[in-house]
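Peer 1: One structure, pasted below without further comment.
Read the figures in this text as sums done on the coordinates, not as results from a lab. The model shown is predicted, which means the values in this text are computed figures rather than measured ones. A quick note on method: Cβ atoms are made from the backbone with ideal geometry, for glycine too, and the neighbour counts reach across all protein chains shown.
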Amino acid sequence: MAELNDVITFLGTAGARFVVARQLLASGGAWLSFGDTQILLDPGPGCLVQVAKRKLDPSKLDAIILSHRHLDHSGDINIMIEAMTEGGTKKRGTLFVPADALSEDPVILSYLQAYLQNIEILTEGGHYKVNEVSFDTPIRHKHPVETYGFVFRTLQHTFSWITDTKYFDELPHYYTGDLLIINVVRLDPGAPVDHLSLPEAKKIIEEIKPKAAILTHFGMTMWRAKPWELAKQLTDETGISVIAARDGMRFDLAQVKK
Ligand SMILES: [Zn+2]
């Protein structure tokens, strides 16, 4: 039997309000296809449309993971739960969310929760499993709502995704792996201070030293500065292969040199 690959499909690369509101870039999150396990991460506005456009089948999803409740990450989460469960006709799939996504002012409609096989609450230091894939949420991020990043372990690869957060000194220490994905909203440090900027991303990459890094979740200042040129510059400066994600980009983890 041919070995199944681990592939990440970027259903969007937009971060922050204006790039999302004007859809200068798509904002659908990411589809993680790890062997025969299918996971949807942060289904922001337009996720359903992006999934259809990329010919992905939501009824094949095993899990939906939400890093935090902000709208640019959760906008399409309800319709994606409905799609995963075929309109609630099949009780299936696991939803992983921080507690505040379900508590006051919930971002997940209560009638949809009954469609799911399982709801697991993300916590600091948590360890979770979806079939053969496991992931950790090592540290609560510094962000206005409860937010986690992830260290994923598939049968073949380990990689980390640093989602929205303000920079803090211990941050890089928690994220390891051959590949590092970072949400980089700002070109320069500054307001809104609860997101990472490019110089902070550089510092993190230099400290973690992954074999490759991918930048995504671009705000207006990053987008205007042409992320692909910034990524090339970071590659030259750090000696680590840095790529700027593109809407619809499929990244096969086998591309990361062992
Ligand atoms: Zn956020």
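Peer 1: Amide H to amide H, which residues 5 or more places from residue 124 or on other chains are under 5 Å from it, using H placed in the peptide plane?
Peer 2: Residues meeting the criterion, in which the H sits 1.01 Å from N, do not exist here.
Peer 1: Would you compute the Debye intensity of segment 108-258 from its alpha-carbon atoms alone, equal scatterers and no solvent, and pass along log10 I(q)/I(0) at q = 0.09 Å⁻¹ to two decimals?
Peer 2: Log-scaled intensity ratios, in q order: -0.30.
Peer 1: Provide 175, 167, 111 in ascending order of the number of other Cβ atoms located within 10 Å of each residue's Cβ, fewest first. Working shown, then result.
Peer 2: Details: 175 23, 167 19, 111 10.
Result, fewest neighbours first: 111, 167, 175.
Peer 1: Cut-off under 12 Å on the C-alpha distance; same-chain residues fewer than 8 positions from residue 211 excluded. Which aspartates and glutamates are left, in chain and number order?
Peer 2: Within the straight-line cut-off, residue 211 pairs with 178.
Peer 1: Against the 2.2 N^0.38 Å scaling, with N counting residues, where does segment 1-154 land? I'd like the Cα-based Rg ratio to two decimal places.
Peer 2: On the way: Rg = 14.6 Å, N = 154, 2.2 N^0.38 = 14.9 Å.
Its radius of gyration relative to the 2.2 N^0.38 Å reference: 0.98.
Peer 1: Hey, any idea what Rg/Rh is for the chain, computing Rh the Kirkwood way over Cα pairs? Don't skip to the answer; put the middle values down first.
Peer 2: Numbers: Rg = 17.0 Å, Rh = 18.1 Å.
Answer for the chain: 0.94.
Peer 1: Tell me whether segment 42-102 comes out rounded, prolate or oblate; compute the Cα gyration tensor, take square roots of the eigenvalues as a ≥ b ≥ c, and use a/c under 1.5 as the rounded threshold. Show your work: numbers first, answer last.
Peer 2: Working: a/c = 2.08, a/b = 1.21, b/c = 1.72.
Cα axes put segment 42-102 in the oblate bin.
Peer 1: Now a separate question. Round to a whole angstrom and tell me the spacing of the C-alpha centers of segment 177-228 and segment 80-140.
Peer 2: Segment 177-228 and segment 80-140 have Cα centres spaced 27 Å from each other.
Peer 1: Let me ask something additional. Most exposed first by the Cβ proxy, i.e. fewest other Cβ within 10 Å, how do 104, 132 rank?
Peer 2: Working: 104 5, 132 12.
Least crowded to most crowded, the residues run 104, 132.
Peer 1: Projected onto the charge dipole of the chain (+1 at Lys/Arg Cβ, -1 at Asp/Glu Cβ, origin at the Cα centre), which of 239, 95, 163 gives the Cα projection farthest towards the positive end?
Peer 2: It is 239, whose Cα lies furthest towards the positive end.
Peer 1: Leaving out same-chain residues fewer than 8 places away, which aspartates and glutamates sit with a Cα under 15 Å from that of residue 226?
Peer 2: 188, 247
Peer 1: Can you give the alpha-carbon Rg of segment 14-67 over 2.2 N^0.38 Å, where N counts its residues? Don't skip to the end; give the middle numbers.
Peer 2: On the way: Rg = 11.6 Å, N = 54, 2.2 N^0.38 = 10.0 Å.
Rg over 2.2 N^0.38 Å, computed on Cα atoms: 1.16.
Peer 1: For 160, 67, which order do you get if you count the other beta carbons within 10 Å of each Cβ and list the fewest first?
Peer 2: Ascending number of Cβ neighbours within 10 Å: 160, 67.
Peer 1: If you fit an axis through the alpha-carbon atoms of helix 198-208 and take the longest principal axis of the Cα set of the chain, what angle between them do you get, 0 to 90°, nearest 10?
Peer 2: 80
Peer 1: Write down Rg/Rh for segment 145-206, rounded to two decimals, with Rg from the C-alpha atoms and Rh from the Kirkwood relation over Cα pairs. Don't jump to the answer; show the numbers that get you there.
Peer 2: Numbers: Rg = 11.9 Å, Rh = 12.1 Å.
When Rh is taken as the Kirkwood radius, the ratio is 0.98.
Peer 1: Straight-line reach only, C-alpha to C-alpha below 21 angstrom: list the lysines that residue 209 could link to, leaving out same-chain residues fewer than 8 apart.
Peer 2: Leaving aside lysines fewer than 8 places away in the same chain, those within reach of residue 209 are 166, 232, 257, 258.
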